[in-house]
């Protein structure tokens, strides 16, 4: 789920931080710049792991603050394809199931990656809502009906396999009513043994 | 910003949790780490990584070498800690061809022995302790049939 990435960045150290030791000040700046931000192809930055080198310290003419070239390693959240992750069900609709990890919310399971066959049927208890139901059919050919397993408990832990990660490019314009832009989207699948809500397999 | 090395090494959940703990994150007080780091800590503390130590993980990596699993599969197993064979089938690709049912069961048992269970287990332990205290109350014989005759 996590991996280290080595990056080099040139940053300007604001004068009000010069009272701290150089390493603390640089770390503070790096955290402000990278923490909780998505870097394309690298993933979501979780933490600054360590600082390998700090060079420079030159003050450019006309500027009041020193500029440093820093090499550091960041802990990135970047699941690999085929990884198994447990996440909580946040929301669902007819286009997808949305799962959340607490620190990362844009995990989406599209209908074609749900266990086959699954249906989006009206909830017998609550007429207004529809929910996803997996029809588990036994191998016996004579049996036409199978048992139904519903995926509808918000907050239940679901085990899924990472299918792909995409970094959609930032849209130039967005209508005001649409969902906030997700810079990193993880697509998952629960179409396999052992995947899906943990309550199915215990 | 320049990317020197995009992938400098994968990290297990345990290593990230260990790092956050060393920076001062804990369940009671969480002042020294940023809020986004604390959210990661909260997530990790509920997975199987919360009880693991470096010895457990290195021990497990040694023992699993005999099964010829891919690095990604070993990583998955350490992160998820499947105690049952069904979990092994999920993680290992082509499990039937490469491992077979017996080996998968062996592997699941080895996982349960080598890696500690996540925090959800304490209820079972309490029930065991309760059984022991009940068993200790052995009924004492009321009278000795060989008692001395009056």
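The values are calculated or read from the model by the stated rules, or taken from the named source; none is laboratory data. Owing to the predicted nature of the structure, the values given are computational and were not obtained by experimental measurement. Note: ideal-geometry Cβ built from the backbone for every residue, glycine included; neighbour counts use all protein chains shown.
Hey, residue B:81 hits all of (1) within 19 Å of residue A:157 (Cα to Cα); (2) touching a helix residue (DSSP H, G or I) at 6+ places or on another chain (Cβ under 8 Å); (3) in contact (Cβ under 8 Å) with a residue 60 or more places away in the chain but one; which does it fall short on?
So the condition that residue B:81 fails would be (3).
Kindly establish whether residue B:44 is at pLDDT 85 or above, in a loop (DSSP other than H, G, I, E, B) and buried (at least 20 other Cβ atoms within 10 Å of the Cβ).
Judged against the criteria, residue B:44 is not a match.
Which one of these does residue A:31 not meet: (1) within 13 Å of another protein chain (Cβ to nearest Cβ); (2) outside any helix (DSSP H, G or I); (3) in contact with a strand residue (DSSP E or B) (Cβ under 7 Å, 6 or more places away or on another chain)?
(2)
Given the conditions (1) surrounded by fewer than 18 Cβ atoms within 10 Å (Cβ to Cβ); (2) more than 11 Å from chain A (Cβ to nearest Cβ); (3) modelled with pLDDT of 85 or more; (4) over 15 Å from the mean Cα position of the chain (by Cα), which single one is not true for residue B:72?
(2)
What about residue A:110, is it assigned by the TED database to the domain that holds residue A:162, loosely packed, with under 14 Cβ neighbours inside 10 Å and out of contact with any helix residue (DSSP H, G or I) (no Cβ under 7 Å at 6 or more places or on another chain)?
On the way: assigned by the TED database to the domain that holds residue A:162: yes; loosely packed, with under 14 Cβ neighbours inside 10 Å: yes; out of contact with any helix residue (DSSP H, G or I) (no Cβ under 7 Å at 6 or more places or on another chain): yes.
Yes, satisfied.
Would a scan of the stretch A:4-21 turn up a residue that is more than 14 Å from chain B (Cβ to nearest Cβ), at pLDDT 90 or above and either assigned to a strand (DSSP E or B) or under 28 Å from residue A:162 (Cβ atoms) (or both)?
no
Among the residues of the stretch A:70-78, is any within 11 Å of chain B (Cβ to nearest Cβ) and assigned to a loop (DSSP other than H, G, I, E, B)? Step through it out loud before you land on a result.
Within the stretch A:70-78, the subset within 11 Å of chain B (Cβ to nearest Cβ) is A:70-78.
Retained after the next criterion (residues that are assigned to a loop (DSSP other than H, G, I, E, B)): A:78.
The answer is yes; a qualifying residue exists.
Determine whether residue A:43 is at positive phi and within 10 Å of chain B (Cβ to nearest Cβ).
yes
Taking the stretch B:75-107 only, how many residues are within 12 Å of chain A (Cβ to nearest Cβ), in a helix (DSSP H, G or I) and surrounded by 18 or more Cβ atoms within 10 Å (Cβ to Cβ)?
Qualifying residue count, the stretch B:75-107: 14.
Within the stretch A:54-69, track down each residue that is in a strand (DSSP E or B) and either more than 11 Å from chain B (Cβ to nearest Cβ) or within 29 Å of the chain's Cα centre (by Cα) (or both).
A:54, A:55, A:56, A:57, A:58, A:59, A:66, A:67, A:68
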